[in-house]
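J.: One structure coming up, written as structure tokens, with questions to follow.
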Amino acid sequence: MIKKVGIAVRYNGFTYLISEGFSNVFKNKKGTMISLITMICAMFMFGAAFAIGQNVNYVMEQVQASQGIEVFILNEATDEQTNTLESEIKKIDGVSTVTYKSKEQALESAKESFKEYPDAIAGYTEEYIFPASFIVMLTDLSKAEGVESTIATLENVKNIRSSNDTMNTLFKISNGIRIAIIVVFAGLLVIAMTIISNTIKLTVHARRKEISIMKYVGATNSFIRGPFLVEGIIIGFVAACITIALITIAYDYVVTGIESSDILQTMNITLLHYSEILRMVSVVYVVLGVGIGMFGSAFSMKKYLEV
Amino acid sequence: MIEFKNVTKVYTTGTEAVHDASFSIDKGEFAFLVGSSGSGKSTLIKLILKEEEANSGNIIINGKDITYLKPKRVPYLRRSMGVVFQDFRLLPDKTVYENVAFAMYIVKSTPKHIRRQVPYVLSQVGLSEKSKMYPNELSGGEQQRVALARALVNNPSMIIADEPTGNLDPDTAWDIMNLLDEINRRGTTVVMATHAKDIVNTMKKRVIQINKGIIVRDDKKGGYSSEV
Ligand SMILES: Nc1ncnc2c1ncn2[C@@H]1O[C@H](COP(=O)(O)OP(=O)(O)OP(=O)(O)O)[C@@H](O)[C@H]1O
Ligand SMILES: [Mg+2]
């Protein structure tokens, strides 16, 4: 039997709470391990979903920024009108560069895209049916909408193409991921809470005799609950710290692998650095871990406090 | 001090453990609760401790009607009484000293007061030398003395004991009874449920006898049963 001599001599609120809370954690080793592992799994999955979501957003922004807006010019516009349009676009807030793409260039790039099927555009060679356009690059993606609507009001603009299939797909993916994160998050929250609540129920059950003794001596419920709350908080906090470490290692490993792949290299796209993900997720983890621990233990106590 | 007015207790199982009980125990009295097994002694004690709720009637403790006491206030009611049970109910992983100090800690006594008071009550029950021992290292009589020290440490106005000698041999039982008598002489009210005939007969204290939930006898200086 382990002897704790003299603890009572130094009793005060804080040391009592902490020492009893830790002693609960260690007395119920199996339950503590199960809670830790479940919480780590739950928070890790949440972190992974969150990291993917954030990166899809980040990649989208980069793709969007590299795409720019293509403004098609009316065929009947004169050179002078075209020049006026160019200078007017340049004046719009949020526009960084404007590049002219003539009808010939448009045809060339069309030929390039369809080079596997030359028949498809064979007849169009002399007709210049591909309109001339301005490729407008933006300084800031958040201004895209404003820029687009301003351009739409200008004269000699045939139409505007801002989003293509890739963009739409990415957009759908990122929305899907956002919903998935919320669903995963809610599910894991419930699971983690149930598990930790059961763990503490085991501790409480093992100590029900002590609890009833405390009640006979006149201990209030909040006094009895204290150490169990601390137990939950400790488990939640430790789980949060371990998850932060795990996700850092895993994220760094995976991102390094993906970034060195050919596609991303040629597209000149980067992913978020792990420190940025961590900054967003670690506060959530600690709050979540501690919160789950606290509420989990509060729920588990109810039954045993009625003596 | 303790007053029951027409108290009836029916458990959810349908058992009527106490039926229309009325009695009053004054400050400084020593009262035995006697009766055969299942007669309702423990139920009376649980009603005093507000561990069980009465179905009808009123219970007044220290001038306060506790019949409708809010659950939140129950701990404060219990602090006004020291309780002792047949099975000692000590915290197994705390020393003798810690078990007693714990009761003071719960009521938020200052560390200084705890350091002075705990050795004092331990000396009262004759356990000064064993203060660093754990309950499983003590005899039954010694464990009950720790429980008594714990019950006394916050200077309660009454001691409520449910068969405190039930698990002890006769000699050890008398040690506990002498302690209770001494505590009572210093002004603390003592209410004790018991089966121990010789103790009741020798002590010549007030006897409240209960039979099938009904109070059938209340003698100022009685014996265990009226036939003796
Ligand atoms: N929690 C309970 N639920 C239902 N019935 C109970 C409960 N506690 C006691 N009883 C019943 O109430 C009656 C009185 O029980 P109680 O424990 O008060 O008797 P007692 O006089 O203390 O007996 P003993 O001398 O054996 O300790 C008994 O019939 C018992 O079965
Ligand atoms: Mg009994």
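J.: Search region B:104-115 for residues that are at the interface with chain A (Cβ under 7 Å from one of its Cβ atoms) and pair each with any residue that is among the polar types (S, T, N, Q) when their beta-carbon atoms are under 6 Å apart and the residues are at least 6 apart or on different chains.
T.: Close Cβ pairs satisfying both conditions: B:Val107/B:Asn154.
J.: Just a yes or no: is a residue in region B:154-163 away from chain A (no Cβ under 14 Å), closer than 21 Å to B:Val100 by Cα, within 14 Å of ligand 1 (Cβ to nearest atom) and at pLDDT 95 or above?
T.: Yes, there is a match, as at least one residue in region B:154-163 is away from chain A (no Cβ under 14 Å), closer than 21 Å to B:Val100 by Cα, within 14 Å of ligand 1 (Cβ to nearest atom) and at pLDDT 95 or above.
J.: A further question follows. Considering region B:31-45 alone, what residues qualify as being in a helix (DSSP H, G or I), more than 6 Å from ligand 1 (Cβ to nearest atom) and away from chain A (no Cβ under 14 Å)? Can you show your working first?
T.: Of region B:31-45, the ones in a helix (DSSP H, G or I) are B:41-45.
Next cut, more than 6 Å from ligand 1 (Cβ to nearest atom) only: B:44-45.
Of everything in region B:31-45, just one residue is in a helix (DSSP H, G or I), more than 6 Å from ligand 1 (Cβ to nearest atom) and away from chain A (no Cβ under 14 Å), namely B:Leu44.
J.: Being within 20 Å of A:Ile224 (Cα to Cα) and more than 16 Å from ligand 1 (Cβ to nearest atom) is true for just one of B:Leu122, B:Leu90. Which residue is that?
T.: Details: B:Leu122 fails: within 20 Å of A:Ile224 (Cα to Cα).
Going through B:Leu122, B:Leu90 in turn, just one is within 20 Å of A:Ile224 (Cα to Cα) and more than 16 Å from ligand 1 (Cβ to nearest atom): B:Leu90.
J.: Is one or more of the residues making up region B:128-149 away from ligand 1 (no atom under 16 Å from the Cβ), within 14 Å of another protein chain (Cβ to nearest Cβ) and among the acidic types (Asp, Glu)?
T.: Yes.
J.: Right, here's the next one. Only one of B:Lys50, B:Lys72 is within 13 Å of chain A (Cβ to nearest Cβ), away from ligand 1 (no atom under 12 Å from the Cβ) and in a loop (DSSP other than H, G, I, E, B). Can you tell me which?
T.: The conditions single out B:Lys50.
J.: Read through the list (1) part of a strand (DSSP E or B); (2) more than 13 Å from B:Ile61 (Cβ to Cβ); (3) under 18 Å from the mean Cα position of the chain (by Cα), then give the number of the only condition that B:Gly28 fails.
T.: Every condition holds for B:Gly28 apart from (1).
To keep it simple, each residue is scored yes or no on (1) in contact (Cβ under 8 Å) with a residue 24 or more places away in the chain; (2) more than 20 Å from the chain's Cα centre (by Cα); (3) within 8 Å of chain A (Cβ to nearest Cβ); (4) surrounded by fewer than 22 Cβ atoms within 10 Å (Cβ to Cβ).
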residue	(1), (2), (3), (4)
B:Thr67	no, no, no, yes
B:Arg79	yes, no, yes, yes
B:Gln86	yes, no, no, yes
B:Lys94	yes, yes, yes, yes
B:Glu98	no, yes, yes, no
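The values are calculated or read from the model by the stated rules, or taken from the named source; none is laboratory data. The shown structure was predicted, so the numbers you read here are calculated from the model rather than taken from an experiment. FYI the Cβ positions are ideal-geometry reconstructions off the backbone, even for glycines, and counts take in every protein chain you see.
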